[in-house]
1. Mind listing the long-range amide H neighbours of A171? Cut-off is under 5 Å, sequence gap 5 or more, other chains count too, H placed in the peptide plane at 1.01 Å from N.
2. Would you please give the FRET efficiency between T204 and E130, computed as 1/(1 + (r/R0)^6) with r the Cβ-Cβ distance and R0 = 35 Å, to the nearest 0.05?
3. At each listed q (0.14, 0.15, 0.18 Å⁻¹), what is the log10 of I(q)/I(0) that the Debye formula gives for the range 218-296 modelled as equal alpha-carbon point scatterers?
4. Please compute the Cα-Cα pair-distance distribution of the range 50-191 with 5 Å bins starting at 0, giving whole percents from short to long.
5. Please determine, in degrees from 0 to 90 and to the nearest 10, the orientation of helix 11-22 with respect to the longest principal axis defined by the Cα atoms of the chain, where the helix direction is its Cα long axis.
6. Assuming a viscosity of 1.567 mPa s and a temperature of 4 °C, what translational diffusion coefficient in µm² per second does Stokes-Einstein assign to the range 276-322, Rh being the Kirkwood radius over Cα pairs?
7. Need the C-alpha centroid separation for the range 210-234 versus the range 74-100, integer Å.
8. Sort the following peptides by mean Cβ neighbour count (other Cβ atoms within 10 Å, averaged over residues), highest first: 26-32, 79-85.
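Read-outs throughout are calculated quantities, based only on the coordinates presented, and are distinct from any laboratory measurement. These numbers come from a predicted model, not from an experiment. Glycine gets a Cβ as well: all are built from the backbone with ideal geometry, and neighbour counts include every protein chain shown.
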Amino acid sequence: MRVFVTGGAGYIGSVVAEVLLARGHAVSVYDDLSEGHRDAVPDGARLLEGDLLDRARLDAALRETRPEAVVHMAARCQVGESMVNPAAYYRVNLLGGLTLLDAMRAAGVTRLVFSSTAAVYGEPAKQPIEEDDATAPSNPYGETKLAFERALDWYGQAYGVRAVSLRYFNAAGASPRAGERHDPETHLIPIVLQAAAGRRGAVTIFGDDYPTRDGTCLRDYVHALDLAEAHALAMAALADGAPSAAYNLGCGGDGFTVREVIDTAARVTGRSIPVSVGARRPGDPATLVAASTRIRRALGWRPRHAALDDIIRSAWTWMTSR
Ligand code: UDP
């Protein structure tokens, strides 16, 4: 299949591109390289540089590549940044997404896999979270992702676009060739590993007075390769005529607290990791754990790298090999 991957030079996007190529798909990456990296785009994928908000450029890129499906991953993705700069999130995540949808309509592309997020649920009333639970985002990041999901519902009814929204829990880990590389880095696992490698000072734990088993926030970490696999399965299902759907994408189970991530990283790397406790980060829910029964049943998805040791080891191997 010819697939158009927006954000394919980014962390998860480049792993998705790699997995789609390995399955024989023809992959075009559309990315403005504002967060992504040219060298993260795998060999064999074609890179088209462009802004999501540039409709003329998008039209030309779709005309040139004639995709049968789009995987939309280009977005801003930091909870903390979204609290202080919501305008950037509305502009890129919502306006950019709608620009892409309009360009897809004009080009006659009707299949979309969308990178959504567990942040659509906000501070959930129960755990693990199911797809039909209430959505009430506690930050502009989740709010803009949810707004786009809802646009997909209406566009689907009116224009026949079929979309699978994948609500990622905490993406983590690396493939042998691509890993997490944000500048500045804000995500927990790469920060912890940078501290282990002596590339930064103490890790600040953002609050240890949450109602969790050790007071630190609890998350459901899912390996980038398992996320990528879900995109390939969603694309195949859409090609087989599957209806639009939203799926949680997390490993479920008990999840891991910030302290458990730090302790596991210390054990896996054999290094000591300096830690200090700071204030809560605005916008952070205490606990986010997925019920992933729906995607397991509907798409046959199974996480193959659910062990936190494996996730952290893959990220450490990638980071220290660069
Ligand atoms: N976190 C932390 N210190 C850091 C970075 C993150 O304590 O330097 C916490 C953060 O508050 C959250 C968890 O680690 O509870 C995961 O944060 P991350 O930014 O990696 O992902 P998010 O859950 O925001 O998608």
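1. Residues meeting the criterion, in which the H sits 1.01 Å from N, are V222.
2. Calculated value: 0.60.
3. Here log10 of I(q) over I(0) equals -0.66, -0.72, -0.90.
4. P(r) for the range 50-191, in whole percents per bin: 2, 9, 17, 20, 19, 16, 11, 4, 1, 0.
5. It works out to around 60 degrees.
6. 91 µm²/s
7. 21 Å
8. Those peptides, ordered most packed to least, come out 26-32, 79-85.
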